[in-house]
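Please read the structure below before turning to the comments.
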Amino acid sequence: MSDVSIVIPTLNEASCLGRTLRNLSLLDPAAREVLIVDGGSIDETIAIASLARIEVIRSPEAGRSIQMNRGAERATGEILCFLHADTLVPDDLVAVIEKTLADPRIAGGGFISLMAGSQTTRWGVSLHNYLKTYYAPLLFRPHLFFKGLRLLFGDQVIFCRRADFYACGGFDNNLPILEEADLCLKLVRQGRLCQVNRIVQSSDRRVARWGALKATAIYLYIGFLWGLGAPATYLKQFYQDIR
């Protein structure tokens, strides 16, 4: 049995969860467990998870930080992998994660996120997201960049050792947005972060709603304000939930 526990925070994800769970059923080797932490879905999310025989943990509050922390508490694996409900992963995900963390100098990592929908692949947005992993820490936290900081976001499928996750305090429950970036700033104290040279595929639903140019502009605006110290509670207004 592998040591990787996969934690999926959900809130009304019926449109994509079934496909994601079918994808996870093909993992070879399999994950130790898949845990869904639901923030109060009113659609068929719970029913889809139950049909797939996946454990569902009910979170008393919605919020990805709260839900992912709750999933981490219940996980039994020594490695935690945080996956969005609209993201598809390679079937050797577990092996890639375990091989990456076999290097004791690496505290955590994520993948290259390719954003796509049913009709198109968002090459431009995906390229920007790839580059952002490197240029954002280089611009705003250069001293940490050279220590191994890479800014990873949720659609990149972040993973780390359970021990390092708790050593740095886990996700900040008070952050409504950019909780993964905050985790990276804390996790780099435990070791280097890396962007694995493998692809995961994330839904383009947000870009499809906004348009590629508007989406990139919003990402840049939020990123620069965050880098300059703007609070996440202020930045949340520019990043509405889209299902």
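The values are calculated or read from the model by the stated rules, or taken from the named source; none is laboratory data. Note that the coordinates shown come from a computational prediction; the quantities given were computed from them, not determined experimentally. Methodologically, a virtual Cβ is constructed for each residue, glycine included, from the backbone with ideal geometry; neighbour enumeration extends over all protein chains shown. For accessibility, only protein heavy atoms count, side chains too; no ligands or nucleic acids. Shrake-Rupley method; radii C 1.70, N 1.55, O 1.52, S 1.80 Å.
The figures follow:
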item: Positions within segment 83-112 being open to solvent by 10 Å² or more (accessible area, probe 1.4 Å) and assigned to a strand (DSSP E or B), in sequence order; result: Leu88, Ile106, Ile112
item: Any hit, segment 54-66, residues being free of Cβ contacts under 8 Å to residues at least 40 places away in the same chain and open to solvent by less than 10 Å² (accessible area, probe 1.4 Å); result: yes
item: Index of the failed condition, His143 passing every other in (1) without any contact (Cβ under 8 Å) to a residue 12 or more places away in the chain; (2) surrounded by 15 or more Cβ atoms within 10 Å (Cβ to Cβ); result: (2)
item: Cross-chain or 6+ apart pairs with Cβ under 8 Å, segment 1-19 first and without any contact (Cβ under 8 Å) to a residue 12 or more places away in the chain, then open to solvent by 10 Å² or more (accessible area, probe 1.4 Å); result: none
item: Members of segment 113-132 found to be buried (at least 20 other Cβ atoms within 10 Å of the Cβ) and hydrophobic (A, V, I, L, M, F, W, C), listed by number; result: Leu114, Met115, Val125
item: All positions within segment 76-105 that are without any contact (Cβ under 8 Å) to a residue 24 or more places away in the chain and more than 17 Å from Asp28 (Cβ to Cβ); result: Ala102, Asp103
item: Check on Gly108, out of contact with any helix residue (DSSP H, G or I) (no Cβ under 6 Å at 6 or more places or on another chain) and in contact (Cβ under 8 Å) with a residue 24 or more places away in the chain; result: no
item: Count of segment 3-25 residues which are open to solvent by 10 Å² or more (accessible area, probe 1.4 Å) and more than 17 Å from Ala49 (Cβ to Cβ); result: 1
item: Residue list for segment 30-53, restricted to those being charged (D, E, K, R), open to solvent by 50 Å² or more (accessible area, probe 1.4 Å) and out of contact with any Gly (no Cβ under 6 Å at 6 or more places or on another chain); result: Asp43, Glu44, Arg53
item: Qualifying residue in segment 137-148 (condition: within 15 Å of the chain's Cα centre (by Cα), at pLDDT 90 or above and either of a type outside the set (A, V, I, L, M, F, W, C) or within 17 Å of Gly109 (Cβ to Cβ) (or both)); result: no
